[in-house]
Amino acid sequence: MPATAPDVRVRRVYDAPSPDDGVRVLVDRLWPRGLAKADARIDEWPKALTPSTELRRWYHGPGEGDFDEFRRRYEAELAAPEAAASLARLRTLARTQTLTLLTAAKHPETSHTTVLEAELTG
C-alpha cells in the first residue's frame, strides 16, 4: 500500500484555531508575545526544529540576511541529530493526519516555516 502524501499547513499562531488544523505544532523558539498558552491550543512545541538564536538574529538583524542563505544555514541545522529526529517524527505524523505548523512570523512565506514545510512534504 503506497504511503499517504503528507498534509502540512502553515498558519500564524495568532489566527483562531480551526477544527481542521489537526495536530498544531508551534515552530518558533520563543513563545509568541501576547498569546495566552490556554488560547493557543498547541499540541507540540519541538524547539529542536526551530532556527538557532544565532541564525534567527542574523536573519532578522541589521541589514537582514538573504533568505536563500538563511535556508541553506537552517537546512544544515535541521541535519543535527535532535532536529533530524524531530523532523522524522513530524514527517511520519503528517502522513497519517493533518499537521499545522504555527508561527508568529508576520510573513510566513519568507520564514523558516517554508523550509520546514518543504522538508516535511518533500
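We did not get these values from a lab; they are worked out from the coordinates using the rules stated. Everything numeric here is computed off the predicted structure, so don't read it as measured data. Positions of Cβ are backbone-derived with ideal geometry, glycine not excepted, and every protein chain shown enters the neighbour counts.
Summary of computed values
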item: Value of Rg to Rh for segment 8-121 (Rh from inverse mean 1/r over Cα pairs, i.e. Kirkwood); result: 0.94
item: Approximate spin-label separation residue 30-residue 107, in nm, with each point projected 7 Å along Cα-to-Cβ; result: 1.9 nm
item: DSSP-assigned coil residues among chymotrypsin sites (Phe, Trp or Tyr not before Pro) in segment 1-61, each with at most 16 further Cβ atoms within 10 Å; result: 14
item: At most 16 other Cβ within 10 Å, DSSP loop - GluC sites (Glu not before Pro), segment 32-122; result: 64
item: Charge dipole magnitude, Cβ of K and R +1, D and E -1 - the chain, Cα centre, debye nearest 20; result: 300 debye
item: Dipole of the chain, positive end: most advanced residue of 32, 49, 107 [Cβ charges, Cα centre]; result: 32
item: Exposure proxy ranking, count of Cβ atoms within 10 Å, fewest first, for 96, 50; result: 96, 50
item: Summed residue charge, Cβ within 15 Å of residue 86's Cβ, Lys/Arg positive, Asp/Glu negative; result: -4
item: Relative contact order of the chain, pairs being alpha-carbon contacts under 8 Å that are 6 or more residues apart, as %; result: 46 percent
item: Approximate spin-label separation residue 16-residue 37, in nm, with each point projected 7 Å along Cα-to-Cβ; result: 2.5 nm
item: DSSP-loop trypsin sites (Lys or Arg not before Pro) across segment 1-74, with at most 11 other Cβ within 10 angstrom; result: 33
